[in-house]
Amino acid sequence: MPVTVSRRSVDDSLAGNVIARSLSQRRFGPQLEPAGVLVVNPSRFCLMRTRMPRHTVKTPPRNGFSLVEMLVVLMVMGLLATVAVLTMPGDERKLRDEAERFAARTLAARDEAIIGARPVSLVVSDRGYYFERRFQGQWQPLPGRGFDLTGWADGTTANAGRQRVVFDSLGLASSEA
């Protein structure tokens with residue numbers, strides 16, 4: 001059985017011994033082993049250098065994707081899906097936006113009552129909400145952008161019926177005055 005030895009160790013020990021190698025190849029014939037590997041045949045006590053045959057088999061071209069390419073594509077798709085889900089406004093986000101808008105307009109009406117030194121009311125109904133102020137003993141619509149009738153966003157409802165909250169000149173809230 002042949003024993004394979006690394007090229008470097010055999011070349012170091014037998015450097016320049018070309019005649020012995022060529023004689024052994026004539027006697028026993030070349031063995032096909034990977035290029036640059038020396039085969040030691042202990043039964044014959046000889047060393048021979050073997051080489052790959054000149055003709056090589058052409059490998060067919062590979063079609064398809066590698067595993068790394070597939071993993072990169074899946075990672076990019078996952079990131080894009082995450083971004084899409086986080087940026088899509090859901091029902092919770094719409095409701096939160098509507099609540100923040102309602103709270104901001106209510107605070108603006110309270111500030112208007114304090115600055116104008118007269119009562120301002122917030123009227124909430126099933127259709128939406130609007131603001132009024134007391135002028136000459138009657139409630140009149142409060143002029144200004146954002147104080148007119150604002151309808152509820154889709155999916156938002158008020159179940160309290162028609163309610164009035166009045167802010168006095170100190171900014172304190174009370175029920176209908």
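Bear in mind these aren't lab numbers, they're just calculated from the coordinates by the rules spelled out. Please read all numbers here as calculations on a predicted model, not as lab measurements. All Cβ positions, glycine included, derive from the backbone under ideal geometry; neighbour counts span all protein chains shown.
For the pair ALA84 and LEU71, the difference between a 0.36 nm per residue extended length and the Cα-Cα distance amounts to 2.7 nm. Taking label points 7 Å from Cα along the Cα-to-Cβ direction, LEU172 and ASP91 give a separation of 4.0 nm.
Between ASP154 and ILE115, the FRET efficiency estimated from the beta carbon spacing at R0 = 41 angstrom works out to 0.75. Note on segment 91-174: with charges restricted to the Cβ of Lys and Arg (+1) and Asp and Glu (-1), its dipole about the Cα centre is near 260 debye.
Cβ crowding within 10 Å, taken as a proxy for footprinting-reagent exposure, orders LEU67, LEU95 from fewest neighbours to most as LEU67, LEU95. Geometric descriptor of segment 114-177, per residue, is 90 Å³ (volume of the convex hull of the Cα atoms).
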